[in-house]
1. Write down the percent of antiparallel bridges among all DSSP beta bridges whose residues are both part of the stretch 136-260, to the nearest 5.
2. Taking the Kirkwood radius as the inverse of the mean 1/r across Cα pairs, report the Rg/Rh of the stretch 220-332.
3. Bin by bin, in steps of 5 Å, what percent of the Cα pairs in the stretch 253-299 do you find, going until the bin that has the longest distance?
4. Mind ranking 218-229, 290-301 by how tightly packed they are, going by the mean number of other C-beta atoms within 10 angstrom, highest first?
5. Which percent, nearest 5, of DSSP beta bridges in the stretch 269-328 are antiparallel?
6. Cβ neighbours within 10 Å, averaged per peptide: list 233-245, 153-165, 172-184 in order, most packed at the top.
7. Do you know the relative contact order of the stretch 190-332, to the nearest whole percent, from alpha carbon pairs under 8 angstrom that are 6+ apart?
8. For the stretch 183-272, what is one quarter of the convex hull surface built on the Cα atoms, given in nm²?
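Where a number appears in this text, it was derived from the coordinates with a stated rule and is not lab data. Owing to the predicted nature of the structure, the values given are computational and were not obtained by experimental measurement. Counting neighbours? That spans all protein chains shown, and the Cβs are built from the backbone with ideal geometry, glycine included.
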């Protein structure tokens, strides 16, 4: 409804202003001048209405930043009003000269408004922080294949606009159609998770199908979309995280978030651990804490299948998280 109002209203305003701004001070008045002014005003109003219509649809779909758009629109109106007010003093009282002058002012006003509304200019004047749309989250495939992502929605971590690129859905479709049972199950699970997110109340999810951001390389396309929306990229992929951060894109890596929230274990700390299997060699045993952190027990190979008290000896940080090393407590 708003879009159609923005299309029709400028048309009638253009007809009105075309007549009211008709230069009555011109001496060589001819009978067709007022009608020509109304026609020019109507055409200009219609063109403005068409532009506003499509911009409003893009704002509704979060394709452009609404603050930038409003700043640009306000600048355009200001320039046009000022230009038409000053035109009388600088242009000769001739109908053709006035018409051409107003057309030039309109074009220059549009260019000036476009320049002012650009993020680079706004950021220079410290307006970029205000116009940022960091309430948008762009999800990659790895996140949408994890059931636990739904728990994060329940606690309100993602309370902004959720954007799922269409090429991510295509990736899921390929997984769902795979002959490999494990991949097929992952693809189907991904679609189920998206459907559950769509059914959540007070949450808007958008499927972005912008063709201009398809390079054929998923990681590059995700970074491009995140920059376009000025939002956060949500992923589990370490390499994608690094690439996006190097290009100035904000990233929420859920693996890093989980790592931060894990209880801290320090060298010398003791804990009970179920040793479930052998490590790379038979002398090593492998166990996991309740939060999923893997612990390599150097001398635990002979205790596979047993619960032992171990002492943390070392902590190794990897791209996938922390890896702990321990030895069986000799006093146990």
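1. Details: 0 of 13 bridges.
Looking only at bridges with both residues in the stretch 136-260, the antiparallel portion is about 0 percent.
2. Working: Rg = 18.4 Å, Rh = 15.9 Å.
Here Rg/Rh amounts to 1.16.
3. 5, 18, 26, 21, 17, 11, 2
4. Details: 218-229: 20.8, 290-301: 16.6.
Those peptides, ordered most packed to least, come out 218-229, 290-301.
5. Working: 20 of 24 bridges.
Looking only at bridges with both residues in the stretch 269-328, the antiparallel portion is about 85 percent.
6. Values: 233-245: 19.4, 153-165: 16.5, 172-184: 12.9.
Packing proxy ranking, top to bottom: 233-245, 153-165, 172-184.
7. The value is 16 percent.
8. On the way: hull surface 39.1 nm².
Projected over every direction and averaged, the Cα hull of the stretch 183-272 covers 9.8 nm².
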